[in-house]
Amino acid sequence: MKFKSGAFGVALVAALATSSLTACGGSSDAGADGVLTVSYSEEVADQLPLWIASEAGYFKEQGLTVKLIKLDSNQGYPALISGQTQLASMGGSQIVAGTAAGGEVKVLAALTPVLPYQIYANVPTAAQLKGKKIGYTTKSGSQYIGTLLALKKLGISPSEVNLVPLGSVTNVNNALLAKTIDASATHPPASLKFEDAGLHMVMDMAKEKIPNINVGISSTSDYLKDHPDVVGKFMAGLKKGFDRERADEAYSTKILGAHLGVTDQRALDATWKYYSTEVLTDPPVATVDQLKSSQQSLEGSVNGVDKVDLASLIDSSFVDKAFGSK
């Protein structure tokens, strides 16, 4: 596979040669029928259907051995295209940028089809954000795209604020609580801490229903071609995880608490309600509109991203079969 020149292409090749290979372990069983390594980038509630499907045994019911591993957002895509993982739960920005660099990855399902962020600030109105420090994770993450789109929706140019990269969701949240930044895009359960600290929610993006693949299930074209039955079984297991999240609050919050390290039941209940009622859609079909925000946000920073055919990045056949049409 050849990769185009540009910052993303260089980073992609470098990452392939280093961290992603080590992080994934290089198991000789990886990619065999029924054996899957699946990555996800953050311990966030967007991943709940995946966690439930794994821990409730729904993948095992399909005859699959699925190993979930956490990889930073800049490592997930290189690990996928190198074959170290077979599927990945990642944002649309990684898919669009990777395609511009020469990768061949398809989005199979949109677990988070809208931007699931709330903008919290230490000022009471959006207009007062001008000139303030706004924290974000990394430019390869969906939280950054959410931040840019929130500013656009609020009528604020990125040049009118000070955007501060902080590396991870945890770092962003801690910085806002410590008031070393003035605002950030966040979501439950962290948002409850901001409310308790007297910060102000100036926008709820989920209610705006802004389309975006914040988290989606993806795989390479080659793996889909060679292992359609395995991917179909994976999606059938994921469907059961998806359904249980919506129907079983007690079990869902138990899984959330374990992964997020949260024991406050009020926060867990609020998180489950937010995702199950405001964020999830059934079926979780990926659309071109959900990828457009990623493409637009990456223009100017990733070579060739404006030429990417977004429709060609979507394969809904596995969702259609597992979830059925609505």
For this session: Identify, by number, the condition in (1) among the hydrophobic types (A, V, I, L, M, F, W, C); (2) open to solvent by 10 Å² or more (accessible area, probe 1.4 Å); (3) farther than 28 Å from residue 207 by Cβ that residue 44 doesn't meet.
Result: (3)
Problem set entry | Among the residues listed as 193, 233, 209, 179, the single one being modelled with pLDDT under 95, buried (at least 16 other Cβ atoms within 10 Å of the Cβ), among the charged types (D, E, K, R) and out of contact with any helix residue (DSSP H, G or I) (no Cβ under 6 Å at 6 or more places or on another chain) | 193
Exercise. Out of (1) at pLDDT below 90; (2) surrounded by 22 or more Cβ atoms within 10 Å (Cβ to Cβ); (3) in contact with a Ser or Thr (Cβ under 7 Å, 6 or more places away or on another chain), what's the single condition that is false for residue 146?
Worked result: (3)
Problem set entry | Test result for residue 178, of a type in the set (Gly, Ala, Ser) and either in contact (Cβ under 8 Å) with a residue 40 or more places away in the chain or within 21 Å of residue 95 (Cα to Cα) (or both) | no
Exercise. Within the set of pairs 6+ apart or on separate chains, which have a first residue in the range 189-200 that is under 12 Å from residue 260 (Cβ atoms), a second that is in a loop (DSSP other than H, G, I, E, B), and C-beta atoms under 6 Å apart?
Worked result: 189/262
Exercise. Got a number for residues in the range 66-110 being in contact with a strand residue (DSSP E or B) (Cβ under 9 Å, 6 or more places away or on another chain), part of a loop (DSSP other than H, G, I, E, B) and either open to solvent by 10 Å² or more (accessible area, probe 1.4 Å) or among the polar types (S, T, N, Q) (or both)?
Worked result: 5
For this session: Filter the range 239-277 down to residues that are outside any helix (DSSP H, G or I) and not acidic (Asp, Glu) and give me whichever is least open to solvent (accessible area, probe 1.4 Å).
Result: 262
Exercise. Between a first residue in the range 248-267 that is within 22 Å of residue 41 (Cβ to Cβ) and touching a residue at least 12 places away in the same chain (Cβ under 8 Å) and a second residue that is part of a loop (DSSP other than H, G, I, E, B) and of a type in the set (Gly, Ala, Ser), which pairs have beta carbons less than 9 Å apart while being 6 or more apart in sequence or on different chains?
Worked result: 255/56
For this session: Keeping to the range 281-313, report how many residues are outside any helix (DSSP H, G or I) and either without any contact (Cβ under 8 Å) to a residue 40 or more places away in the chain or surrounded by 22 or more Cβ atoms within 10 Å (Cβ to Cβ) (or both).
Result: 6
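The values are calculated or read from the model by the stated rules, or taken from the named source; none is laboratory data. Note that the coordinates shown come from a computational prediction; the quantities given were computed from them, not determined experimentally. Glycine also receives a Cβ, built like all others from the backbone with ideal geometry; neighbour counts cover every protein chain displayed. Just so you know, the surface numbers come from the protein's heavy atoms only, side chains and all, with ligands and any DNA or RNA stripped out. Shrake-Rupley method; radii C 1.70, N 1.55, O 1.52, S 1.80 Å.
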